[in-house]
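Below you'll find the structure, written out as structure tokens, and then a few comments.
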Amino acid sequence: GAPDEAPLILGPAPLRLPPAMPEAERLSTLCQFILALEATSGGLRPNLDAIWRLARELADLMDEAARAEVDLNAALQASVPEELAMHWQKTLTFLAIATEQWPRILAERGLMDPVARQVRLLHGLAESWEAAPPAHPVWIAGLTAARPAIIRLARAVSRMPPGAVILQGLDQDMPEEAWAALTPGHPQSAMQRLLAGIGARREDVRAFDGTPPPTLREGMLARALLPAEALGLWREEMPLDLAGLYRLPAADQQQEALAIAVILRDVLQRPGARGVLVTPDRALASRVVAELGRFGVIADDSAGEPLLETPPAIFLRLITQAVAERLAPVPLLALLKHPLAACGLAPAACRAAARMLEQHCLRGPRASSGALVGMRARMALRMANQSRSRIESR
């Protein structure tokens, strides 16, 4: 329905919830609270960009608490030791925006936080299915987190006669002692918590008919992800399939990016072949894209192009930097030599004028009277010298 409508979950007990607060409204309201707090604290007034980042981080904290279904106020009070209470006072005053002022704003406007609303909807759907399971098949797939609301919904689906919970990537071959020693940061720990919340064990999970057994390479990767407590299992004899697996000790990130680009280019030269680079390192991905561009290969980066790195955004940043530094020589030349700078001239003429300006006005000691005044003075002096030279030559 429309954003201002109160959606409804049909079931034995219909659940009506207020609409979710739009994200832009939420962040702008948080910014107003932060600005008011900074004004009363008597500190330096931060810029709007810093205020917006603080609002975004505060919203993320509230969302994380809502997903975990944790009382943020009680958790913060319990996390402050007595001996550090004075040091935490300023932080608690800031977080009071989320624990004290924000619930009042939501109540006044008749709205809910988006994540908190989503959690309520999941609980409402689980409650509805627990009371009256649907007759049609219901499958849940793609679970990567073990939040309380998700666990409850998965438990409700698993107990339906036509229901199924699909656990993609569950390691059923991991030894039991390693499974019991999993830490929260391990990739399988979410599966472990999900199974425990459902009330099932790994032995209860059945493979689809026709599922091929794990390959030797998959076994090798699974062993590489064993927790530290299961280090002794590495000594067990196990054949490894290392065909096609290489290790390149690169001297630096530039050499690493070039090697990856060469490999991807060679893959593309084979008809029908495809190559994919999977990396969380955005700096490395950008370098690989640049190296592929030198080979005439346009890489399709799934992360997109950051707005700040687009030519118009870079041009605007150069304008801001040049103004902030009062047209100092280096930022001024960087601005004038940008492809989007024209100054009302043809691009080639603008580049030529920038080179002349650099040669005749910007080289040498920086003028103490300011950039524009100094450039005008040097240009006047140069013109006077040229006029004197012409008179003397006559």
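The values are calculated or read from the model by the stated rules, or taken from the named source; none is laboratory data. Remember, predicted model here, so these are calculated numbers, not experimental data. Cβ sites come from the backbone with ideal geometry, for glycine too, and all protein chains shown count toward neighbours. SASA here: full protein model, heavy atoms, side chains in, ligands and nucleic acids out. Shrake-Rupley method; radii C 1.70, N 1.55, O 1.52, S 1.80 Å.
Just a few scattered comments:
- Answer residue from the range 213-232, given it is assigned to a loop (DSSP other than H, G, I, E, B) and at pLDDT 75 or above and is surrounded by the most Cβ atoms within 10 Å (Cβ to Cβ) among those: LEU226
- Given (1) over 30 Å from ARG223 (Cα atoms); (2) touching a helix residue (DSSP H, G or I) at 6+ places or on another chain (Cβ under 9 Å); (3) crowded, with 16+ Cβ neighbours inside 10 Å, number of the condition GLN192 does not satisfy: (1)
- The residue list ALA20, ALA2, ALA66 contains one member that is closer than 30 Å to GLU130 by Cα, open to solvent by 30 Å² or more (accessible area, probe 1.4 Å) and at pLDDT 80 or above, which is ALA20.
- Top-ranked residue of the range 33-52 - restricted to ones that are in a helix (DSSP H, G or I) and loosely packed, with under 14 Cβ neighbours inside 10 Å, ranked as modelled with the lowest pLDDT: SER41
- Across the range 328-377, the qualifying residues are those that are out of contact with any helix residue (DSSP H, G or I) (no Cβ under 9 Å at 6 or more places or on another chain) and in a loop (DSSP other than H, G, I, E, B), and the one among them that is modelled with the highest pLDDT is ALA346.
- Filtering LEU121, LEU153 for residues that are part of a helix (DSSP H, G or I) and either without any contact (Cβ under 8 Å) to a residue 60 or more places away in the chain or among the small types (Gly, Ala, Ser) (or both) leaves a single hit, LEU153.
- Check on GLY124, among the small types (Gly, Ala, Ser), more than 14 Å from ILE198 (Cβ to Cβ) and out of contact with any strand residue (DSSP E or B) (no Cβ under 7 Å at 6 or more places or on another chain): no
- Selection within the range 132-141 - farther than 20 Å from LEU167 by Cα and open to solvent by 70 Å² or more (accessible area, probe 1.4 Å): PRO133, ALA135, HIS136
- Qualifying residue in the range 181-188 (condition: of a type in the set (A, V, I, L, M), within 21 Å of ALA207 (Cα to Cα) and open to solvent by less than 50 Å² (accessible area, probe 1.4 Å)): no
- Within the range 161-171, tally of residues that are surrounded by 12 or more Cβ atoms within 10 Å (Cβ to Cβ) and assigned to a loop (DSSP other than H, G, I, E, B): 5
- Leading residue by the ranking (modelled with the lowest pLDDT) among those in the range 87-111 that are open to solvent by 70 Å² or more (accessible area, probe 1.4 Å) and either of a type outside the set (Lys, Arg) or in contact with a helix residue (DSSP H, G or I) (Cβ under 9 Å, 6 or more places away or on another chain) (or both): HIS87
- Residue that is modelled with the lowest pLDDT [pool: residues in the range 268-303 that are among the hydroxyl-bearing types (Ser, Thr, Tyr) and assigned to a loop (DSSP other than H, G, I, E, B)]: SER302
Residues checked against (1) aliphatic (A, V, I, L, M); (2) surrounded by 12 or more Cβ atoms within 10 Å (Cβ to Cβ); (3) in a helix (DSSP H, G or I):
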| site | (1), (2), (3) |
| --- | --- |
| ILE263 | yes, yes, yes |
| GLU305 | no, no, no |
| PHE315 | no, yes, yes |
| ARG326 | no, no, no |
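- Only one of ASP171, ASP209 that is at pLDDT below 80, out of contact with any Ser or Thr (no Cβ under 8 Å at 6 or more places or on another chain) and within 24 Å of GLY142 (Cα to Cα): ASP209
- Conditions (1) at pLDDT 90 or above; (2) open to solvent by 70 Å² or more (accessible area, probe 1.4 Å); (3) farther than 18 Å from ALA24 by Cα; number of the one not met by ASP71: (1)
- Lone unmet requirement of (1) at pLDDT below 90; (2) open to solvent by 40 Å² or more (accessible area, probe 1.4 Å) for GLU25: (1)
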